[in-house]
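Undergrad: Pasting a structure here, questions to come.
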Amino acid sequence: MKAKSKAKVILDKDTNLKFPHVLIIDASAGTGKTHTLTQRFVQYILSKRVRHNNLSNILAITFTNNAAREMKQRILDWLKKLALGIDCEERRQTLELVDLNPEQITDQARIVLENILEHWSDFHIQTIDSFMSRILRASAHEIGMPPEIEITQSYDVLAESTLSIVLNGINDRNSFEELERFLELLNQEVDSFPWNPVPKIINRFKDFLQEEGKALEKIEFEDNTELMQKKFKSIFEIYNKFIKNGLENRIKKDIHNAMQNWDIKRLISAFDTQSLWFKKSGLSQELIDSCGNLSQIVEELALLYSKSHYFHYGIFYEKFKKALNTEKRKEEIIHFDDINKILAEYLRRDNVPEVYYRLGDTLYHFLLDEFQDTDRVQWENIQPLLFESYAKGGSFFAVGDMKQAIYLFRKADYRIMRKIIQEIKNKDQYSTSYLPPNVIDNARIIPLKENFRSGNVILSYVDSIFKDRLKQIKDVIQLREDRTGLTDYTQEAKKEYQGYVKTVILEKNDEELEKQVLLEILADVLKRYSPRDITILARKNKHVEKIVEWLTENSIDTASFSSLNVRKRKIIMEIVNLLKFLDTPIDNLSFATFITGDIFLRAVESQGRRIKREEIFKFIMEVSKPKNTVENFYVYFRESLEYSSLWSIFFEDLFTKVGFYPLYDLVCQCFRTFKIFEHFKEETGFLIRFLEAISTIEARGMNNIKDFLKLVAEDEEDSILNVMLPDYIDAVKVMTFHKAKGLGFPVVINMFYDEKDRNSVMFFEKDEGNLRIYYITKSFADKFPELNRIYSEKNQDELIQSLNLTYVANTRAMNELYNIVIKRDDQYHNPCIDLFEEFENGEKLAPSEEKISKPEPTEIKIPVKCEIEFIEEDSKGWSIKRILETKRGEFFHEIMAHLIFIKDNIDKELDEIIKLISLRYKEIYDFKQVKKTILDFLNIDIVKEWFEEKPDRQVQQEIEYVNENGVLYRFDRVVIDKDRVTVIDFKTGTEEFDYYYTQLKNYIIMLRNLNQQKEVVGYIAFIETKKIIKIK
């Protein structure tokens, strides 16, 4: 499977480069676009000919963090090989790119590497979102925003509480009437009555926010009620004439109902442009002529209704947006979409932020990855910097493939790339809006034609699907125009091995048959490949979950991208259940879940005893009978003749040590007791990441099971509990088509389900500086040309996106490609399925000469004893000193929990509290010093205010709250006043601000949801250092 020839260098040598210039690389799948992007960066950074090529002068923009990380790694690897003087392909290509000899290349690479390491912050390879957020933060004061604003990708947290604020603010007759009308129209929009309309309203508002966030315009909600009434009245007059002339039997029943109920929507739906409102039996031209201009009036009415349908959302959406912006300012939060929108609107007012001038002085060369995924707002924000760079002799280099434009649902706009390519191709008829005159002559397009990923059999098959089959059926599937080049591209295979392709068509949706075909293909492929060489792709997550379930049932090791979250691994969830039980022994469910899991059963088997899972289930059912009076399930287990010995071996020691051991040591004890590393070697990476997560949160001051379990339950971003897929996991990968973009795999099995999303009825169109919103059903579109134009344009984009996704799925395979196509025949038929026919070609060949030995996980052994030893004081590990500090913190917390208000007898009260609490602690503290520390703390002005007794003030100490997900929180002190709620989190020891900040933000969000008419503020109060930090 060696390449036929070495890769060609398609970029011009630095001696031939002319500036300013634009270069677009049109790169089909597998042709090395990332490699070419890396080539350009290395060329610029090493060249003595390219002006303004310092590290800080070059910006490379990607669309994902993974892509940014990969590109940095490729550049560093390339430069490292050059700096070490290695004779390699990278050196050969570099000699073709820069006017340097081999020795100069080595010397220059060393200088550049040192420069990168010394000035890492100038190594600008980042996502477009992070670049824009960087600009916004730098311009925050100028634009009128707080500089340390928090950026979010979701409206979920704020949307519900904001809507509650809006609804709670309705306190006058007009507002109530508006709400009543709004709900009445909302009910008309759906077939069934929504008992709780709030989720529907929130989802609709989030749709509006997303649409506005990716556009430069605002949604315009039209109220055409009066005009519609006039049109309907005109139609009613014509209708009445027919009734008076005794022709009511000629008119459709639905029309009668619509006219009698003044139901505009039903009238439009029942109307027919050919037979108008008449029954087809007995229809004559005379009847149609007698209606006059009825058809035109109904069409005008349909357009008015389409524009007005969502008007009832408008009033409340504007109130919602206003309240949301207030909440965002109050919480100092901004959405990613807001970043681009705010900058774009600021630039449109001819207000260029100062940071743009500073960046314009620094940035000369722009490199853009995945050009086809740029959205319009992002492009508007980048353009001023590009134009500035052109004026100074800079450059723009972009790589992309319109055939892989699969993010149109996120408002990515492939038309930008398409328009620039058209402008460059037609530069003789120069009329460009994206490229200024000073750069158009030096603008070029280079297509990458050599495919290094797939064999010729696979490439020929993909060509047959799109260049032949798609051309044949494009009229049938209503593809008006090939806008992304699916039927017009060139690729040449560079691999020696030709590859193998097989497509299987299943004529009906039969889950058992689908599973059978998939497992048969897998069984065959596994004879020649390791599981980690095989990837199964499907369009939707629900399909991925189903496939993972099938593979798991058949004992095939599987790694789906969702399972790369540590807490979603079955083995980790078993450990979490064990910890839940140890923390709360009355948690019968957690104990029962653990003893029926693999960890316990394998541990028992290692003792020479075999227990079937069914036996334990039977035991659980027996002790769960009503006749048993003992509530705690573990007591039955511990005292039963059958399992008492297992309790002694596995649980007794853990049960007695919980609460005394630090969390990390306790978990290590669990690992050792149940021999988890020995029994689950394939899970080593996840188990180590789990231990690292515990170590990380311990360093933040969280040292008990409850704190850790809270984090596991509420960590939405999953940053602490995420893990990269280890190379040694020999498992079949399962992921969506979208996740697979940019990746290649030796064997790919695609599951193509014949289904498409339900047709949307909400459409947007830019019109005279506004974003007009329409309600259009297929029935409306079929009857009225203007509505059909809008409807069909959106459906063209959805069809193009679906075709592109099919292309992406079929271009991931290196050696063998399998397509399992499951057909259906109904209104949700996906036209892309028509591309496929039964097919088989090529030769199956095991890649033996390239097969890499399977890496094994490092064997992990935990020492037989887990004693706590004295270690250096500055160590981050656990020490006796740290444990004592933790106990001291708990001691102070208990004292503070007994103080409600500060009174004149505070001295005496503190003495009594300290004496009482000390009886529960083995440690001996200096009472006088403790008392002095607390009195000094209570003497701080802001602290005095928290403990001041006031009329109507309520104080809650060590109060427990439950959030909407059922997670329990304990707040140290909550002070509730008439117009404000203050939450205080007391701390001792070191000031671990980052974690405490996040924790208190969660508290504030909960309290704000419960007290929506009051301001909520929070404080982190360090008792010993007397540092107070306010959190809004």
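The values are calculated or read from the model by the stated rules, or taken from the named source; none is laboratory data. Everything quoted here is computed from the prediction, not taken from an experiment. Ideal geometry is used to build each Cβ from the backbone, glycine not excepted, and the neighbour counts take in all protein chains shown.
Undergrad: Could you list, in sequence order, all residues of segment 44-70 that are under 21 Å from His21 (Cβ atoms), under 34 Å from the mean Cα position of the chain (by Cα) and crowded, with 21+ Cβ neighbours inside 10 Å?
TA: Tyr44, Ile45, Ile58, Ala60, Ile61
Undergrad: Given segment 65-129, what helices (runs of 4 or more DSSP H) lie entirely inside it while holding 1 or more residues that are touching an Asp or Glu at 6+ places or on another chain (Cβ under 9 Å) and among the β-branched types (Val, Ile, Thr)?
TA: Because the criterion is at least 1 residues that are touching an Asp or Glu at 6+ places or on another chain (Cβ under 9 Å) and among the β-branched types (Val, Ile, Thr), the helices (runs of 4 or more DSSP H) in segment 65-129 that meet it are 102-118.
Undergrad: Any chance segment 775-796 includes a residue that's assigned to a strand (DSSP E or B) and out of contact with any Cys (no Cβ under 8 Å at 6 or more places or on another chain)?
TA: Within segment 775-796, one or more residues are assigned to a strand (DSSP E or B) and out of contact with any Cys (no Cβ under 8 Å at 6 or more places or on another chain).
Undergrad: Would it be correct to say that Glu118 is over 30 Å from Lys741 (Cβ atoms), exposed (fewer than 14 other Cβ atoms within 10 Å of the Cβ) and not assigned by TED's automatic domain parsing to the domain that holds Ala740?
TA: yes
Undergrad: I would also like to ask the following. Does segment 215-235 contain any residue that is over 50 Å from the mean Cα position of the chain (by Cα), in contact (Cβ under 8 Å) with a residue 60 or more places away in the chain and surrounded by fewer than 18 Cβ atoms within 10 Å (Cβ to Cβ)?
TA: Taking every residue of segment 215-235 in turn, at least one turns out to be over 50 Å from the mean Cα position of the chain (by Cα), in contact (Cβ under 8 Å) with a residue 60 or more places away in the chain and surrounded by fewer than 18 Cβ atoms within 10 Å (Cβ to Cβ).
Undergrad: A follow-up question, please. If the requirement is being part of a helix (DSSP H, G or I), of a type in the set (Phe, Trp, Tyr), surrounded by 15 or more Cβ atoms within 10 Å (Cβ to Cβ) and in contact (Cβ under 8 Å) with a residue 60 or more places away in the chain, which of these qualifies: Phe581, Phe591, Phe619, Phe600?
TA: Result: Phe600 is the single residue among Phe581, Phe591, Phe619, Phe600 that is part of a helix (DSSP H, G or I), of a type in the set (Phe, Trp, Tyr), surrounded by 15 or more Cβ atoms within 10 Å (Cβ to Cβ) and in contact (Cβ under 8 Å) with a residue 60 or more places away in the chain.
Undergrad: Oh, and also: Does Leu803 satisfy the criteria of being in the same structural domain as Lys508 (by TED's automatic domain parsing), under 25 Å from the mean Cα position of the chain (by Cα) and closer than 28 Å to Thr487 by Cβ?
TA: yes
Undergrad: Follow-up. Among the residues of segment 790-800, which ones are within 17 Å of Asp834 (Cβ to Cβ) and under 24 Å from the mean Cα position of the chain (by Cα)?
TA: Glu798, Leu799, Ile800
Undergrad: If you don't mind, another one. Taking Ala159 as meeting all but one of (1) under 30 Å from Glu354 (Cα atoms); (2) buried (at least 18 other Cβ atoms within 10 Å of the Cβ); (3) among the small types (Gly, Ala, Ser), write down the number of the exception.
TA: For Ala159, the exception is condition (1).
Undergrad: Can I ask one more? Quick one: would you say Leu919 is within 42 Å of the chain's Cα centre (by Cα), exposed (fewer than 15 other Cβ atoms within 10 Å of the Cβ), hydrophobic (A, V, I, L, M, F, W, C) and at pLDDT below 85?
TA: No: the conditions fail for Leu919.
Undergrad: Could we say that Gln478 is more than 33 Å from the chain's Cα centre (by Cα), modelled with pLDDT under 95, farther than 18 Å from Val734 by Cα and surrounded by fewer than 21 Cβ atoms within 10 Å (Cβ to Cβ) here? Steps first, please.
TA: Details: more than 33 Å from the chain's Cα centre (by Cα): no; modelled with pLDDT under 95: yes; farther than 18 Å from Val734 by Cα: yes; surrounded by fewer than 21 Cβ atoms within 10 Å (Cβ to Cβ): yes.
Against the criterion (more than 33 Å from the chain's Cα centre (by Cα), modelled with pLDDT under 95, farther than 18 Å from Val734 by Cα and surrounded by fewer than 21 Cβ atoms within 10 Å (Cβ to Cβ)), Gln478 does not qualify.
Undergrad: Report yes if Leu136 is out of contact with any Phe, Trp or Tyr (no Cβ under 7 Å at 6 or more places or on another chain), under 25 Å from Tyr356 (Cβ atoms), in a helix (DSSP H, G or I) and modelled with pLDDT under 95, otherwise no.
TA: Numbers: out of contact with any Phe, Trp or Tyr (no Cβ under 7 Å at 6 or more places or on another chain): yes; under 25 Å from Tyr356 (Cβ atoms): yes; in a helix (DSSP H, G or I): yes; modelled with pLDDT under 95: yes.
Criteria met by Leu136.
Undergrad: Which one is surrounded by the fewest Cβ atoms within 10 Å (Cβ to Cβ), of the residues in segment 9-43 that are out of contact with any strand residue (DSSP E or B) (no Cβ under 7 Å at 6 or more places or on another chain) and assigned to a loop (DSSP other than H, G, I, E, B)?
TA: In this case the residue turns out to be Lys18.
Undergrad: Now, a different point. I need a count of the residues in segment 360-403 that are of a type outside the set (S, T, N, Q) and part of a helix (DSSP H, G or I).
TA: Of the residues in segment 360-403, 18 are of a type outside the set (S, T, N, Q) and part of a helix (DSSP H, G or I).
Undergrad: Out of everything in segment 139-166 that is outside any loop (DSSP other than H, G, I, E, B) and among the polar types (S, T, N, Q), what residue ends up being modelled with the highest pLDDT?
TA: So, considering only residues that are outside any loop (DSSP other than H, G, I, E, B) and among the polar types (S, T, N, Q), the one modelled with the highest pLDDT is Thr162.
Undergrad: Then there's this: Just wondering, is there one or more residues in segment 239-262 that are within 44 Å of the chain's Cα centre (by Cα) and not aromatic (Phe, Trp, Tyr)?
TA: Looking through segment 239-262, none of the residues is within 44 Å of the chain's Cα centre (by Cα) and not aromatic (Phe, Trp, Tyr).
Undergrad: Right, here's the next one. Restricted to segment 73-103, and to residues that are out of contact with any helix residue (DSSP H, G or I) (no Cβ under 9 Å at 6 or more places or on another chain) and either closer than 19 Å to Asn115 by Cα or modelled with pLDDT under 90 (or both), which residue is surrounded by the most Cβ atoms within 10 Å (Cβ to Cβ)?
TA: Among those that are out of contact with any helix residue (DSSP H, G or I) (no Cβ under 9 Å at 6 or more places or on another chain) and either closer than 19 Å to Asn115 by Cα or modelled with pLDDT under 90 (or both), it is Gln73.
Undergrad: Moving on to the next point. Lys265 - would you say it is within 30 Å of Ile219 (Cα to Cα) and surrounded by 18 or more Cβ atoms within 10 Å (Cβ to Cβ)?
TA: No.
Undergrad: Going through segment 135-159 one residue at a time, which ones are of a type outside the set (S, T, N, Q) and within 20 Å of the chain's Cα centre (by Cα)?
TA: If the condition is that a residue be of a type outside the set (S, T, N, Q) and within 20 Å of the chain's Cα centre (by Cα), then Glu150, Ile151, Tyr155, Asp156, Val157, Leu158, Ala159 are the ones that fit.
Undergrad: Separate question: Counting only residues that are in a strand (DSSP E or B) and of a type in the set (D, E, K, R), which one in segment 998-1032 is surrounded by the fewest Cβ atoms within 10 Å (Cβ to Cβ)? Working first, answer last.
TA: First, pick out the residues of segment 998-1032 that are in a strand (DSSP E or B): 1015-1022, 1027-1031.
Right, trim to of a type in the set (D, E, K, R) and you get 1015, 1027, 1030.
Values: Glu1015: 13, Lys1027: 13, Lys1030: 11.
Within segment 998-1032, the match that is surrounded by the fewest Cβ atoms within 10 Å (Cβ to Cβ) is Lys1030.
Undergrad: Follow-up question, since we're still on this one. Restricting to segment 375-411, and then to whatever is β-branched (Val, Ile, Thr) and farther than 19 Å from Val352 by Cβ, can you tell me which residue is nearest to the chain's Cα centre (by Cα)? Before you say what the answer is, go through the steps one by one.
TA: Step one: of segment 375-411, the residues β-branched (Val, Ile, Thr) are 377, 382, 399, 406.
Then drop every residue that is not farther than 19 Å from Val352 by Cβ, which leaves 399, 406.
Details: Val399: 24, Ile406: 15 Å.
By that ranking, first place goes to Ile406.
Undergrad: Another one. Return the residue satisfying two criteria in turn: it lies in segment 686-713 and is under 14 Å from Arg970 (Cα atoms) and in contact with a Phe, Trp or Tyr (Cβ under 8 Å, 6 or more places away or on another chain), and of such residues it is modelled with the highest pLDDT.
TA: Restricting to residues being under 14 Å from Arg970 (Cα atoms) and in contact with a Phe, Trp or Tyr (Cβ under 8 Å, 6 or more places away or on another chain), the top hit is Lys710.
Undergrad: While we're looking at this one, here's another question. If you take just the helices (runs of 4 or more DSSP H) that sit entirely in segment 453-571, which of them hold at least 3 residues that are under 14 Å from Ile749 (Cβ atoms)?
TA: Output list reads 511-525, 541-553.
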